[in-house]
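See structure below.
Derivation of every value follows stated rules applied to the coordinates shown; laboratory data play no part. Just so you know, these numbers come straight off a predicted model, no measurement behind them. Here the Cβ is made from the backbone with ideal geometry for all residues, glycine too, and neighbour counts use every protein chain on show.
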Amino acid sequence: MYALVDCNNFFVSCERVFRPSLNNRPVIVLSSNDGCAVARSNEAKALGIKMGAPVFKIQDIVKKHRVECISGNLSFYGDMSQRVMSVLREMSPAIEVYSVDEAFLDLSGIPEHELKPLCQRIRKRVKKWTGIPVSIGIAPTKTLAKAAASVAKKYEEAEGVYLMNSLQARRSVLQRMDVGDVWGVGRKLSERFTYMGLNTAWKLSECDPAHIRELTSVVTQKTVLELQGTPCYAFGEEPDHRKQIISSRSFGEPVKDLKTLKEAVSTFVATGAEKLRSEGTEARAITVYASSSPFKGKYYANSTLITLDNATSDTGVLTKQAMKGVDEIFKQGVGFKKAGICLHDIQHKSAHQADLFSVVDNKRSESLMTAMDKLNSTMGKHTLRFGTSNPNGKWRNLCKHQSPAYTSDWAQLLVVK
DNA sequence: TCTGGGGTCCTAGGACCC
DNA sequence: TCTGGGGTCCTAGGACCC
């Protein structure tokens, strides 16, 4: 059996740990630029605020019901996530971290009558040690565990844990579940299935998997099999490094000049390269992209892929290439609203392919980067940076209701009297 | 006025090989 | 008039996830 542990309204719950006055009130956490609602308390959900709703469209509800709006603080949530995961790691045989607020547990070998009590204990301890409330679903496949967890979250009687261990349980859960709420069924597939009359998870689970594969793809075939109780997604440890690294931002004001666009992109490269070094990896290709707003005016988007001769994590080398990319995609007269970089062809440093003709002095580059990382981690982000970058340039957007980094910045720790 | 950021995987189609 | 058969690798784009 698998368990899925899912943190309830995670970002909001993190804020509530340090600001209990937010309890029992409608609260939303906003994406960068204060653009969208990306987390909602139950009270906010009850007001009809949808996931991803643009803030300007829900202004009336926010004012009328005094919804607390908080500009998200991702580093803080990341730290809280690690705390939750460490409790899970201690209490279960094996854990697979699936996202910032979710983890699968492998419960094989545990007698069935002990599954629920164990998960109850896990839930209590996570709450007590981290302050974060979680819901836990237990089922024979990952897809069913996701469904079970949503039941655990929705119904009070479940007390935060739902065990799906029988055909009856599976049927009653899936019959009440919209097909679009199934893990792996997104907007497009949901539209298609509904059109075909397959509007619930149960109806989808009764389809012939081979037939579904013909209609869609192998991914959806697996989803159907998993709904039937046949595991297709094995429990696995997380991969040791990621395959791509993205760094991007929407701009506060449209950017029309090349210099500002370069300052932004250069800053993104610095962030991406720092991430590479922290994971001990290097990238051999970088994509630079920029676009105007897709919501108004004539849409312009462009990108360019640059392949390097040698894999690197040197901010200087990557910046130089990226700046050429910006020259290529920049267009006079366009108001750019967003830009970013994506690093790919990522590999471990230890797998570095030496180059007979290379002119780069790797030793020098490495000690420079090490020194830079050290300064920036002890003295603050961007203490030492490349001149092309400008983390506080005109492209920066301002968040109005930024919450403190309660646990991840010494300067912002709470003072307890 | 105002619409996030960071990931994964699969597939089709093109370019290439003999 | 008429032009094989069997492969591999790479990439862009689309679908999905949180």
Could you sort the peptides A:101-108, A:169-176 by per-residue average Cβ neighbour count (10 Å cutoff), highest mean leading? A:101-108, A:169-176
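Given the range A:32-158, report the % of alpha carbon pairs whose separation exceeds 19 Å. It would help to have the intermediate numbers written out before the result.
Details: 4606 of 8001 pairs.
Result for the distance tail: 58 percent.
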List, in order, the whole-Hz ³J(HN,Hα) value for each residue of the range A:305-322 obtained from phi through the Karplus relation with A = 6.51, B = -1.76, C = 1.60 and θ = phi - 60°; use x for Gly and Pro. 9, 10, 9, 8, 5, 10, 5, 8, 10, 7, 4, x, 4, 5, 4, 4, 5, 5
With just the Cα atoms of chain A, tell me how far they stretch along each of the three principal axes, in Å, largest first. 66, 55, 47
Enter the Cα centre distance for the pair the range A:212-277 and the range A:383-403, rounded to the nearest angstrom. 23 Å
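Per-residue ellipticity at 222 nm for chain A, helices alone: DSSP H runs ≥ 4 residues times -39500 (n - 2.57), over residue total, nearest 500 deg cm²/dmol?
Numbers: 14 runs with 166 residues, N = 417.
Rounded to the nearest 500, the figure is -12500 deg cm²/dmol.
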Normalised by the number of residues in the range A:84-227, what is the relative contact order in percent for Cα pairs under 8 Å and 6+ residues apart? 15 percent
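Which order do the peptides A:407-413, A:121-127, A:80-86, A:233-239 come out in when sorted by mean C-beta neighbours inside 10 angstrom, highest first?
Numbers: A:407-413: 12.9, A:121-127: 16.9, A:80-86: 19.3, A:233-239: 10.9.
Order by mean packing, descending: A:80-86, A:121-127, A:407-413, A:233-239.
Explain nothing, just the number: dipole magnitude of chain A about its Cα centre with +1 on each Lys and Arg Cβ and -1 on each Asp and Glu Cβ, in debye rounded to the nearest 20.
So the magnitude is around 1500 debye.
Near A:TYR233, within a Cβ-to-Cβ distance under 15 Å, what is the net charge of the other residues, with Lys and Arg +1 and Asp and Glu -1?
Details: positive: A:LYS142, A:LYS146, A:LYS222; negative: A:GLU96, A:GLU102, A:ASP106, A:GLU226, A:GLU237, A:GLU238.
Summing Lys/Arg as +1 and Asp/Glu as -1 gives -3.
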Give the residue from A:SER75, A:PRO93, A:HIS348 lying farthest towards the positive end of the charge dipole for chain A; charges sit on Cβ (+1 for Lys and Arg, -1 for Asp and Glu) and the dipole is referred to the Cα centre. A:SER75
Calculated on alpha-carbon atoms, Rg and Dmax of the range A:1-66 in Å: 12.8, 46
If unit charges are put on Cβ atoms (+1 for Lys and Arg, -1 for Asp and Glu) and the dipole of chain A is taken about its Cα centre, the option from A:ASN362, A:ALA301, A:VAL126 lying farthest towards the positive end turns out to be A:ALA301
If we restrict to alpha carbons, what Rg and Dmax does the range A:84-227 come to, in Å? 16.1, 48
Report, to two decimal places, the Cα Rg of the range A:245-368 normalised by 2.2 N^0.38 Å (N = number of residues). 1.12
Sort A:254-262, A:25-33 by the packing proxy (mean of other Cβ within 10 Å over each peptide's residues), most packed first. A:25-33, A:254-262
What aspartates and glutamates does A:LYS154 reach when the alpha-carbon gap must be under 18 Å and sequence neighbours fewer than 8 apart in one chain are set aside? A:ASP6, A:GLU43, A:ASP101, A:GLU102, A:ASP178, A:ASP181
Taking θ = phi - 60°, what integer Hz values does the Karplus form 6.51 cos²θ - 1.76 cosθ + 1.60 yield along the range A:366-375, in sequence order, with x for Gly and Pro? 5, 6, 5, 5, 4, 4, 5, 4, 5, 4
Step through the residues of the range A:94-106 one at a time and calculate ³J(HN,Hα) from phi using the Karplus curve (6.51 cos²θ - 1.76 cosθ + 1.60, θ = phi - 60°), rounding each to whole Hz and writing x for Gly and Pro. 8, 9, 10, 6, 9, 7, 4, 10, 9, 8, 8, 10, 9
Hull surface divided by four, with the convex hull built on the Cα atoms of the range A:300-344: how many nm²? 3.5 nm²
